[in-house]
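**Student:** Here's a structure for you.
The values are calculated or read from the model by the stated rules, or taken from the named source; none is laboratory data. If you're wondering where the values come from, they're calculated on a predicted model, not measured in any experiment. Note that we place each Cβ from the backbone using ideal geometry, even for glycine, and neighbour counts take in every protein chain shown.
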Amino acid sequence: MIKIPTLTGENSEEKRQEIKTYFQRCYKRYESLFDIVADEKAYFQKADELRHPIIFYYGHTATFFINKLKLAKIIDERIDPKLESIFAVGVDEMSWDDLNEKHYEWPTLSQTQTYRDKVYKVVSGLIDRLPLELPVTEDSPWWVILMGVEHENIHLETSSVLIRQLPFETIKEDLNWKECTEYGEAPQNELLELSDGTVILGKNRDAKLFGWDNEYGRHQAHIPAFKASKYLTSNAQFLAFVKEGGYENDTFWCSEGRAWKAFTKAKHPLFWIESEEGYKLRTLTREIDLPLNWPVEVNYLEAEAFCKWLSGKEGLTLTLPTEDEYIRLRDETKVPSYLEWSGKGKALANINLEGFASSVPVDCYEHNGFYDVIGNVWQWSRTPIYPFEDFKVHPVYDDFTVPTFDGKHNLINGGSWISCGNLATQKSRYGFRRHFYQHVGFRYVESNYEEKVTTNSYTTDSIISQYCHFGWGENALGVENYPAKCASIALEYMKDKPKRKAFDIGCAIGRSSFELARGFDEVIGVDFSARFIQEAQALKENSILRYVMPTEGELENFHEVNLTAFDLEEERKKVAFWQADACNLKPVFKDFDLIFAGNLLDRLYDPKKFLDSLASRLNEGGLFIMTSPYTWQEESTPKEKWIGGYKKDGENVSTLEGLKEILEPQFELIDTQDIPFVIQETARKHQHTIAEMTVWQKR
């Protein structure tokens, strides 16, 4: 079995080979999953209307390596910029996710495989030559490589869910993905007692295994005694709920659940197939008679409705467990940690592909009186995913978890049969939307525990708060609001020109986009940071944005932005926000009358590439307006890619001179002016800067 490398060790060369083996075996295992798809046409049809076709996921995990290695400045060159844009951003039903198929020209399977082969060689070669110091830390290039592997392990699982939803005739059985054939009657479930105790969640920065950002930090809580079901809820148990009209009786469903039912017309779990003989189950590669003793697989809304139904039948208060209660269950049953059981020869659970490529009966794997505390299927929690104390994002993947801290993504616990790598570890934390399907079931608890975690509606991340305040806060030091001022000037330059569509690149929290919408029919704002786009989109959807700004020491002020107060309520209908890389934009971003790039140039990893792409995106006579303080730094832009701010042959080269050299073949410079701006850090600390605006007209 494939086991995660530890971050520690005494021999760097042995660790190098261990990581190389891990990368290569995980990479090939991912490809072998797609071998199950027998019809190439199935790669290009949507298994789920809220997901891309699986060709996206086949390419996505490979481009992730290149995009993150490029972002971290570990490699200099891309393999295929077009594919690395098409396959860049996945879908979680965030409002900025792009599910419009007109925006994609999917490559063929052969082209995608050729690309994957090239990535395999690039990463393998990189592993061979990168210096390696132990232990591997979060700022090491090796962390980014492990991040790529664990990202692919996530998509091994999510892609298997999509493959289960493809038309059955497009799938073939595969000996590498052997499924369980043991079926029977389900055991009688019962509630078992768990004593009270304290749980401590979170991992330290010096932990032995790679982790995602939300795993680090600390959370502690005392859990009163409660009861939990001995087994995961079986298909047999859930079948009784279905037969008694559970899906038709709205009293069991919350408002979100009722809305989901109305939309989907669901009458039973997704993977069940209704037939004249009864129900069948769609597994990865087969359709079988519903195995009554396997765990049911449902979304959170279905699990919650079942608990309300069963509560009424049993005269008890049954709910889904919180994350804390699940951890208490795991602690009490003394389930060994990942490093204690993985690869030891005898499977502790149906997890890490050490059992079958499917569920197994709920009474196969005992953990000190309970069954399937880990493995078989994930277990829904009623806890929305939230950050622990001392949470910090990783700069190379700043949008892994933060967009899910919205109260709409609930934690799943314990792992499933295909949970590999980080997903199989005891410290992993993954949140999914409540109507999503994974290989997830549930166990229920009888409990009066009131969870004390919140998803804060005020943005407290210091960088995000600074940009919120920069875009929407009061005018500090008597300086006009910068993005509003820039947009106003841009509209003045556009006064006698068509104002159909504007492109705001590096839009941050969206002020300039909203302001441009005062004059334009349509404005598209893009930013590399999903966290910025998250806040801009929240403002578009709700008209309100809240954030916290430090004043001094531990003191803070709370701020609220309301679009109505800025007379921008109607403009939000004309604005769309997308996450995008300015140096590798999709071809769909075109036909603009104005392109605005505010304070972006000197933070790009390849500014010339960005500038070279602009003319093709502008209509004839269109304007490109750019502002920048020209504060070049090697942390953002390799020095050899600076546009200016350096000496050449003993002579000074200014950024404006560099811009003229690049842009003048296709643009005419029609104006320059200075625009000051202020960034507030605390009540008494401000950064005062003067940017230069240059206005260019397409020839």
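**Student:** If you take the residues in region 602-619 that are in contact with a strand residue (DSSP E or B) (Cβ under 7 Å, 6 or more places away or on another chain) and modelled with pLDDT of 95 or more, which one is nearest to Cys583 (Cα to Cα)?
**Tutor:** My answer is Leu614.
**Student:** Just a yes or no: is a residue in region 254-264 crowded, with 17+ Cβ neighbours inside 10 Å, charged (D, E, K, R) and not assigned by TED's automatic domain parsing to the domain that holds Lys334?
**Tutor:** No; the residues of region 254-264 include none that is crowded, with 17+ Cβ neighbours inside 10 Å, charged (D, E, K, R) and not assigned by TED's automatic domain parsing to the domain that holds Lys334.
**Student:** Using the structure shown, decide if Ile66 is surrounded by fewer than 20 Cβ atoms within 10 Å (Cβ to Cβ), farther than 22 Å from Ile418 by Cα, of a type in the set (A, V, I, L, M) and outside the structural domain of Gln438 (by TED's automatic domain parsing).
**Tutor:** Against the criterion (surrounded by fewer than 20 Cβ atoms within 10 Å (Cβ to Cβ), farther than 22 Å from Ile418 by Cα, of a type in the set (A, V, I, L, M) and outside the structural domain of Gln438 (by TED's automatic domain parsing)), Ile66 does not qualify.
**Student:** Let me ask something else. Given (1) without any contact (Cβ under 8 Å) to a residue 60 or more places away in the chain; (2) within 26 Å of Thr322 (Cβ to Cβ), identify the lone condition not met by Lys243.
**Tutor:** All conditions pass for Lys243, except number (2).
**Student:** Can you tell me which residue in region 21-43 is nearest to Asn352 (Cα to Cα), limited to those that are out of contact with any Pro (no Cβ under 9 Å at 6 or more places or on another chain) and aromatic (Phe, Trp, Tyr)?
**Tutor:** This residue is Tyr30.
**Student:** Of the conditions (1) assigned to a loop (DSSP other than H, G, I, E, B); (2) among the hydrophobic types (A, V, I, L, M, F, W, C); (3) within 24 Å of Lys41 (Cα to Cα), Leu156 clears all except one; give me its number.
**Tutor:** (1)
**Student:** State all residues of region 184-198 that are surrounded by fewer than 14 Cβ atoms within 10 Å (Cβ to Cβ) and within 27 Å of Leu281 (Cβ to Cβ); if no residue qualifies, say none.
**Tutor:** Result: Gly184, Glu185, Gln188, Glu190.
**Student:** Now for a separate question. Taking into account only those residues within region 315-372 that are aromatic (Phe, Trp, Tyr) and out of contact with any strand residue (DSSP E or B) (no Cβ under 7 Å at 6 or more places or on another chain), which is nearest to Gly441 (Cα to Cα)?
**Tutor:** Result: Tyr371.
**Student:** While we're on this one: Would you check if there is a residue in region 150-158 being surrounded by 17 or more Cβ atoms within 10 Å (Cβ to Cβ), of a type outside the set (Gly, Ala, Ser), at negative phi and touching a strand residue (DSSP E or B) at 6+ places or on another chain (Cβ under 7 Å)?
**Tutor:** Checking region 150-158: not a single residue is surrounded by 17 or more Cβ atoms within 10 Å (Cβ to Cβ), of a type outside the set (Gly, Ala, Ser), at negative phi and touching a strand residue (DSSP E or B) at 6+ places or on another chain (Cβ under 7 Å).
**Student:** What are the pairs, 6+ residues apart or on separate chains, where a residue within region 44-67 that is without any contact (Cβ under 8 Å) to a residue 12 or more places away in the chain has its Cβ under 7 Å from a residue that is in a loop (DSSP other than H, G, I, E, B) and of a type outside the set (Lys, Arg)?
**Tutor:** Lys46/Pro53
**Student:** Another question about this same structure. Please give the number of the condition Leu669 fails out of (1) surrounded by 14 or more Cβ atoms within 10 Å (Cβ to Cβ); (2) touching a residue at least 60 places away in the same chain (Cβ under 8 Å); (3) of a type outside the set (Phe, Trp, Tyr).
**Tutor:** Condition (2) is where Leu669 drops out.
**Student:** Would you point out the residue of region 228-246, among those that are over 34 Å from the mean Cα position of the chain (by Cα) and of a type outside the set (A, V, I, L, M, F, W, C), that is surrounded by the fewest Cβ atoms within 10 Å (Cβ to Cβ)?
**Tutor:** Only one residue tops the list, namely Lys243.
**Student:** While we're on this one: Please work out which residue is surrounded by the fewest Cβ atoms within 10 Å (Cβ to Cβ), limiting yourself to region 582-600 and to residues that are touching a strand residue (DSSP E or B) at 6+ places or on another chain (Cβ under 7 Å) and either assigned to a loop (DSSP other than H, G, I, E, B) or at pLDDT below 95 (or both).
**Tutor:** Asp591
**Student:** Hand me the list of strands (runs of 3 or more DSSP E) wholly inside region 542-581 holding 3 or more residues that are farther than 30 Å from Ile66 by Cβ and not assigned by TED's automatic domain parsing to the domain that holds Lys70.
**Tutor:** 544-552, 555-562
**Student:** If you scan region 366-412, which residues turn out to be assigned to a strand (DSSP E or B), of a type outside the set (Gly, Ala, Ser) and under 16 Å from Leu301 (Cα atoms)?
**Tutor:** Trp378, Gln379, Trp380, Arg382, Thr383, Pro384, His409, Asn410, Leu411, Ile412
**Student:** Return the only residue of Val393, Val362 being β-branched (Val, Ile, Thr), at negative phi and under 22 Å from the mean Cα position of the chain (by Cα).
**Tutor:** Unique residue meeting the criteria: Val393.
**Student:** Condition first: without any contact (Cβ under 8 Å) to a residue 12 or more places away in the chain and hydroxyl-bearing (Ser, Thr, Tyr). Now tell me which residues in region 170-225 satisfy that.
**Tutor:** Thr181
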